[in-house]
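Enquirer: Mind having a look at this structure? Questions to follow.
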Amino acid sequence: MGELCKLHNIGNKLETQLNEVGIETVEQLKRIGSKQAWLDIKAIDNSACINRLCAIEGAIQGIRWHSLSNEIKSELREFYNTVK
């Protein structure tokens, strides 16, 4: 278990995927952002879904993904629908 697993929404599987795409620290995750991190994961795991995207954004914000604002959820949903 590494540094990322200590964040909200990030379990062992998601941390492993983030590590596989070169994201190993909280700082790297924040710098890259949820959308790019999700795209990188999607490139290695086609099953990456909207919930994973929201989980990453929630981790960056330090909150459970269910608590993301409606505005952020809507923005992420729109992004997801354009690239899925």
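Every read-out reported here was derived from the displayed coordinates using simple, explicitly stated rules and does not represent laboratory data. Please read all numbers here as calculations on a predicted model, not as lab measurements. Cβ atoms come from the backbone with ideal geometry, glycine included; neighbour counts cover every protein chain shown.
Enquirer: So which of 28, 17, 36 is buried (at least 19 other Cβ atoms within 10 Å of the Cβ), out of contact with any strand residue (DSSP E or B) (no Cβ under 9 Å at 6 or more places or on another chain) and part of a helix (DSSP H, G or I)?
Expert: When all the criteria are applied, what remains is 17.
Enquirer: Cβ-Cβ distance below 6 Å, separation of 6 or more or different chains: which pairs start in the range 69-84 with a residue that is assigned to a helix (DSSP H, G or I) and end on one that is among the basic types (Lys, Arg)?
Expert: Going by the 6 Å Cβ cut-off, the qualifying pairs are 79/35.
Enquirer: Being out of contact with any Leu (no Cβ under 7 Å at 6 or more places or on another chain) and without any contact (Cβ under 8 Å) to a residue 24 or more places away in the chain is the requirement here; does residue 42 meet it?
Expert: So residue 42 fails the test.
Enquirer: Another question, if that's okay. Check the range 45-60 and report whether any residue there is among the β-branched types (Val, Ile, Thr), touching a residue at least 40 places away in the same chain (Cβ under 8 Å) and under 19 Å from residue 83 (Cα atoms).
Expert: The answer is yes; a qualifying residue exists.
Enquirer: Give the number of residues within the range 47-68 that are over 14 Å from residue 21 (Cα atoms) and not in a helix (DSSP H, G or I).
Expert: 6
Enquirer: Any residue at all in the range 29-44 that is farther than 20 Å from residue 2 by Cβ, out of contact with any Gly (no Cβ under 8 Å at 6 or more places or on another chain) and not charged (D, E, K, R)?
Expert: yes
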